[in-house]
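Nothing in this text is a laboratory measurement; each read-out follows from the coordinates by a stated rule. Since this is a predicted model, take the numbers as computed values, not measurements. When we count neighbours, we look across all protein chains shown, and the Cβ atoms used for this are built from the backbone with ideal geometry, even at glycine.
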Amino acid sequence: MIKKLGFDYVVEVAFGADLVANEYKKIFDNKNAKHTISSDCPAIVYYIKHYYPELTNSLAPVVSPMVAMARVVKNLYGKETKTVFIGPCIAKKAESFEIDVVLTFIELRKLFRLNNITSEGIEGSEFDGPIGNKAAIFPISRGKLHSIKKTDDICEENIIVASGRVNFREAIKEFEGELSASQHLELLCCQGCIMGPGMTNGGSLYTKTASIRNYVREKIEQLNVKKWNEDFNTFKEIDFSQNFSSADRRIPLPSDDLIKSTLLKMGKNSEEDQLNCGACGYDTCVDHAVAIIEGLAETEMCLPFTIEKLHKSVKELNVSNDNLASAQQSLKQSEKLATMGQLSAGIAHELNNPLGVITMYSNILLDEQIENNPIKDDLKLIAEQAERCKKIVGGLLNFARKNQVHYTSVDIKQFVQHSIESIIIPENIKVICDSNLKNKIVEIDADQWMQVLTNMEKNAIEAMSPDGGNLKITLNEVGNKIEFFFQDNGTGISPENMEKIYTPFFTTKPIGKGTGLGLPLIYGIVKMHRGQITVESNTDITKGQTGTTFKIIIPRTKL
């Protein structure tokens, strides 16, 4: 089929491999010879010349089987003979000027298709001489060593075999550091030439290896050994040596400081963070960092970094969602309070006058009654309830009234202590004020803030009654803001009531014990001070200590 393309001779490179194997045998058998790196694979040769130029002199000074066979062909068929190498390796295209053209097997099959050449009706023929021997197993890993009856058993031979893009680089690195004084290196860039990029697709490494092995076995059985020996002795005296020159293409490494700063950008804050997982396509995190500096890679190629960045983004998104939900809840609450405030103001003003009349006349009638008159108790009840209604109306007015904030500077620690002293504290309840403030001066409306503090303290005390407990008031400073924490270990606020606590007139206290205006009033004052109020509570003892914590944040100054 190849001759139908126009070729005069088709020779097998295996004979050139026999000659090259013999040259390597001389090197391996010479105990005094310098330890070398095989030079059969052009990809290995290029890698060393470009990236380990200091090891160029360690390359075995022997041509590849391709060049060896080209020299045999020139000797046999004339120096003007044009040669075309057909093989599995694209690196062969740039290996030697002694070859006129290099084709891959893929390109050969393409030529067959373009010229409508198939195997049908064509009788197979043997290669033109000279015929190769056992070195036909060169294309598989360790093939050359087996052809000269050498092994890579480190206990018997001083030869190390490595194949594949990762393994050969590690071997070269160690050869540079330690192995050069004790071992030869037999290297292939691919997992054997049979896995080269110029091979037709299909077939696994082991299937191809078995095919080569079976082919060589059959070849050896049918080989005319006498003729092979004659050819071998005829051509073995040809010069199969070559020299290599370095062609350094290494880019100078960036400075250690620049690499370190790049690693920090990748989230590698310590050596423990450098996982060297290879997910980025680079062997180490440092290699990846160097590639980033050189503009060949991105930080996002680091999988652990990207995952961590994603987690951080999700966390930030959750915080944003929480803040948005909190803002929406605050807006909803403000709208609700504004509506209730308008309604409360109207009701309060309408009720104030009749309540005043009821209170006045019930007290007048009460004063006019003689002792032991049964009606006197009824009038006393009317007066008490009218007074209670008046207090509720007063609370409504305070809640509804859009008061101005009259700022004044106060020592907030003393102010809180004064608020504690102004309320009744049962003996079984302990109130602690803990201040972490360096600067205790805060600008607030003292009257309004006293309402906030006393209401918060009374609510906490009532939540711990009658069993008793502890109320801890903590003052912190965060930048130019002041934090108030009111933490009690009372019964807590049930989850179903959490959204209702700022709703006017909502209360969980018994009838006559509360109006449901305390927390709404606190909420309004905090907002007028440009602050925020949040709450956390637990009523389930199986989840930990029960109780409620209110957190209030306000600016330190009015500006």
Where both partners of a DSSP beta bridge lie in the chain, what percent of those bridges are antiparallel, to the nearest 5? 60
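Trypsin sites (Lys or Arg not before Pro), restricted to region 53-121: which are DSSP loop and have at most 11 other Cβ atoms within 10 Å?
Details: sites: Arg71, Lys74, Lys79, Lys82, Lys92, Lys93, Arg109, Lys110, Arg113; in loops: Lys79, Lys82.
Qualifying residues, ordered by number: Lys79, Lys82.
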Would you mind calculating the relative contact order of the chain from Cα pairs under 8 angstrom and at least 6 residues apart, reporting the percent as a whole number? 10
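Could you work out [θ]222 nm for the chain from helices alone, using -39500 (n - 2.57) per DSSP H run of at least four and dividing by all its residues? Round to the nearest 500 deg cm²/dmol.
-15000 deg cm²/dmol
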Assertion target for Trp449, Trp228, ordered by fewest C-beta neighbours within 10 angstrom first, is Trp228, Trp449
Residues Leu185, Leu365 arranged by fewest to most Cβ contacts within 10 Å: Leu365, Leu185
Residue-wise, which Karplus ³J(HN,Hα) couplings in Hz belong to region 83-93, taking 6.51 cos²θ - 1.76 cosθ + 1.60, θ = phi - 60°, and x for glycine or proline? 10, 10, 8, 10, x, x, 10, 6, 5, 5, 4
Using a simple charge model, +1 on the beta-carbon of Lys and Arg, -1 on the beta-carbon of Asp and Glu, nothing else, what dipole does the chain show about its Cα centre, in debye to the nearest 20? 1040
Given charges at Cβ of Lys, Arg, Asp, Glu: the chain dipole, positive-most of Val442, Cys302, Val452: Cys302
Two-site label geometry, Val225 and Lys380: point separation in nm, points 7 Å out along Cα→Cβ: 13.7
Calculate the dipole size of region 3-235 relative to its Cα centre from +1 charges on Lys and Arg beta carbons and -1 charges on Asp and Glu beta carbons; express the result in debye to the nearest 20. 320
Note, Lys376: beta-carbon cut-off 11 Å, +1 each Lys/Arg, -1 each Asp/Glu, net -4
Globularity index of region 256-301, i.e. its alpha-carbon radius of gyration over 2.2 N^0.38 Å: 0.98
Within region 420-450, which trypsin sites (Lys or Arg not before Pro) sit in a loop by DSSP and count at most 16 neighbouring Cβ atoms inside 10 Å? Lys438, Lys440
